[in-house]
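Please treat every number below as a calculation from the coordinates, not as lab data. Every value quoted in this text rests on a predicted model; they were computed, and no experiment measured them. Because the Cβ atoms are built from the backbone with ideal geometry, glycine has one as well, and the counts that use them run over all protein chains shown.
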Amino acid sequence: MNSTQHSPVPCLLDTWATNETALYRWLTQHCSCQDLAYDLLQETFLRALQRERAFCDIENQKAWLFTVAKNLLIDEWRKSGRLEPISENSDLYTLDFRAEREPIDSLAQCLPKALACLSEEDRSVIEFCDLQGHSQQEFAKLHHLTLTAVKSRIQRARPKLRAQLKVNCHITFDEHHKVCCFTPKRS
């Protein structure tokens, strides 16, 4: 077996380098945990790697990567029982994922109140990176901080936000440690 036969082709490496962060961010927004998102990210890369040179012939490589990741996520949901089996005639792109987002969307009602209880420093890093989807590197550059300082700041701010959410909402987690429902605290 020749080792060059299975080495990644440059077009795959270039496409992966350009899209890996966005793909991981998308997966973490839709997964129950970061470990699962990372596993699905790696599986997506392996699927691309298996195509070898044929990957370079794909017209929209980014869309292909996201489609593979989405299909892997749907398979994971099916295995965990969070998605009903799909008939052969179903269009994957018309699946209704509203039920998946409802608890998080309703929890968003408590988020402004919880954020208001945080210091400006904590609130700004969470809003910029976690809620608006910007990178920690962008935050560091914008605020003239080191990346290490931003990573420390966000790691300190997240537990504070979590604590405020528990104070302002009665949060219930499912068996996957994912928010399933909450009751807003009455004022």
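Going by how many other beta carbons lie within 10 Å of each one, how would you line up 162, 51, fewest first? Please list the in-between numbers first.
Working: 162 12, 51 15.
Placing the least packed residue first, the sequence is 162, 51.
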Check your understanding: Which value in nm describes the separation of the simple spin-label points at residue 50 and residue 28, placed 7 Å from the Cα toward the beta carbon?
Key -> 2.7 nm
